[in-house]
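Undergrad: Dumping the structure here so I can ask a few things about it.
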Amino acid sequence: MEKTIEQLEKDVIEAIQTCYDPEIPVNIYELGLIYEININEENAVHVMMTLTSPSCPVAETLPPDVESKIAAVEGVTSAKVEITFDPPWEQSMMSEEAKLELGFL
């Protein structure tokens with residue numbers, strides 16, 4: 001049975017939630033680093049994400065890691081991660097769970 005776009009997106013989000021910024025013990029999805037997840041009819045996934053700062057030490061390694069985890073999701077035909085700093089990331093973008101985990105609440 002083929003997955004719906006909604007199911008595929010849920011699986012992609014679960015894959016993204018296994019990626020962490022090494023300096024912060026919260027996954028990048030809860031940190032609010034994922035701005036957009038687009039899945040087309042061919043199940044190609046395009047993710048627009050940011051980093052906590054342009055000089056982030058994982059700027060070279062985190063996007064390919066996210067890309068490979070998304071590509072490994074059953075049903076995904078291709079994965080592309082694009083980095084943007086517009087708008088710049090700030091703490092208010094974190095989920096309530098991330099803020100709680102990091103002691104901001």
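Undergrad: Just a yes or no: is a residue in region 46-66 of a type outside the set (A, V, I, L, M) and touching a Pro at 6+ places or on another chain (Cβ under 7 Å)?
TA: no
For every residue, the table says whether it meets (1) out of contact with any Leu (no Cβ under 9 Å at 6 or more places or on another chain); (2) among the hydrophobic types (A, V, I, L, M, F, W, C); (3) at pLDDT below 95.
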| site | (1), (2), (3) |
| --- | --- |
| GLN17 | yes, no, no |
| TYR29 | yes, no, no |
| GLU36 | yes, no, no |
| LEU51 | no, yes, yes |
| ALA79 | yes, yes, no |
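Undergrad: If you don't mind, there's one more thing I want to ask. On the given criteria, is GLU14 out of contact with any strand residue (DSSP E or B) (no Cβ under 8 Å at 6 or more places or on another chain), without any contact (Cβ under 8 Å) to a residue 60 or more places away in the chain and over 26 Å from LYS99 (Cα atoms)?
TA: For GLU14, the condition - out of contact with any strand residue (DSSP E or B) (no Cβ under 8 Å at 6 or more places or on another chain), without any contact (Cβ under 8 Å) to a residue 60 or more places away in the chain and over 26 Å from LYS99 (Cα atoms) - is not met.
Undergrad: Residues GLU41, GLU23, GLU30, GLU2: which one is of a type in the set (D, E, K, R), out of contact with any strand residue (DSSP E or B) (no Cβ under 8 Å at 6 or more places or on another chain) and without any contact (Cβ under 8 Å) to a residue 24 or more places away in the chain?
TA: GLU41
The values are calculated or read from the model by the stated rules, or taken from the named source; none is laboratory data. Computed from a predicted model, the values in this text were never measured in an experiment. Here Cβ is always computed from backbone atoms with ideal geometry, including for glycine, and neighbour counts include all displayed protein chains.
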